[in-house]
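Notes follow the structure.
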């Protein structure tokens with residue numbers, strides 16, 4: 001299954017790449033990512049990587065991997081970074097070292113992940129859900145440095161969708177609302193739990209996560225799966241819609257309700273349980289986009305930034321920006337140009 005890696009994709013864990021990975025993870029939990037508890041490198045590292053699989057690489061001496069992992073009440077979560085590799089779980093390993101778990105992962109770095117189960121190869125791109133069933137033989141190939149983040153779920157928690165996980169099937173269609181919501185959740189949940197030292201989430205949250213993954217599996221069978229009352233799905237699906245459509249000034253909580261086939265009240269109720277405001281989340285995402293544009297493109301006028309970020313008026317943009325960051329957009333841009341502030345968000349005023 002060996003493939004040629006494009007030259008613009010890294011194949012080594014450079015100091016800079018590792019630093020970027022840890023910084024990205026840390027920014028998602030609002031704290032510095034701790035030193036990874038698991039690190040392996042070179043030929044010896046390959047031998048010690050995982051007793052459940054056979055690992056090989058085109059450049060064994062350059063092999064490198066690091067991982068954060070955490071076992072919760074029912075599932076295990078992890079965030080990893082590793083060089084190109086091939087993993088194989090042979091029939092002999094399945095027989096001698098049984099492991100009845102489904103691995104669900106998402107990567108963000110450019111590159112391709114190919115999984116073969118049975119006689120078919122499935123290629124996955126960044127942002128797509130990858131299902132790997134450890135209960136049956138499989139092989140797994142990555143053509144460049146990649147950063148898988150995911151959950152390890154005992155197969156017996158999947159209920160009647162267990163049979164779906166046990167069959168070699170095409171991955172969930174990446175364009176569906178359910179698959180995007182599930183992929184976004186897997187990424188955030190893995191980082192929030194595997195990296196953070198905060199208390200583990202309640203069991204109900206873990207089971208809701210499994211329910212969301214189960215729904216994604218059901219989609220492979222083209223089954224109808226009712227998620228209207230699943231607060232996790234509503235939240236993740238709404239966040240996906242906000243991420244993709246917040247630049248549209250016509251985008252609003254009403255649009256989210258229409259897309260999810262729910263009433264406005266149902267959408268608001270799901271967010272109120274978490275102490276969040278749907279309209280506030282849309283405005284905050286627009287402000288974040290505007291901040292990035294102010295810092296990166298000094299030629300854009302304040303009005304152009306406001307329009308491009310999705311604000312209906314410049315006045316609304318100014319008020320929201322000042323409320324969120326404590327300074328107006330012109331002041332922020334000036335501070336960035338003078339080196340008096342980092343272009344990242346100014347802490348302390350985001351919740352006012």
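The values are calculated or read from the model by the stated rules, or taken from the named source; none is laboratory data. Keep in mind that this is a model prediction, so the values were computed, not measured. Cβ atoms come from the backbone with ideal geometry, glycine included; neighbour counts cover every protein chain shown.
Looking at residue 259 and the list (1) modelled with pLDDT of 80 or more; (2) at positive phi, which single condition is not satisfied?
Of the numbered conditions (1) modelled with pLDDT of 80 or more; (2) at positive phi, the odd one out for residue 259 is (2).
May I ask you to say which residue of 13, 93 is assigned to a helix (DSSP H, G or I), crowded, with 16+ Cβ neighbours inside 10 Å and in contact (Cβ under 8 Å) with a residue 12 or more places away in the chain?
Sole residue among the options that is assigned to a helix (DSSP H, G or I), crowded, with 16+ Cβ neighbours inside 10 Å and in contact (Cβ under 8 Å) with a residue 12 or more places away in the chain: 93.
For every residue, the table says whether it meets (1) more than 30 Å from residue 235 (Cα to Cα); (2) at pLDDT 95 or above; (3) in contact with a helix residue (DSSP H, G or I) (Cβ under 9 Å, 6 or more places away or on another chain).
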residue: 279; (1), (2), (3): no, no, yes
residue: 296; (1), (2), (3): yes, no, no
residue: 300; (1), (2), (3): yes, no, yes
residue: 312; (1), (2), (3): no, no, yes
residue: 325; (1), (2), (3): no, no, yes
residue: 332; (1), (2), (3): yes, no, yes
residue: 343; (1), (2), (3): no, no, yes
residue: 346; (1), (2), (3): no, no, yes
residue: 350; (1), (2), (3): no, no, yes
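When region 251-295 is examined, which residues are found to be free of Cβ contacts under 8 Å to residues at least 12 places away in the same chain and under 19 Å from residue 316 (Cα atoms)?
Across region 251-295, the qualifying residues are 277, 280.
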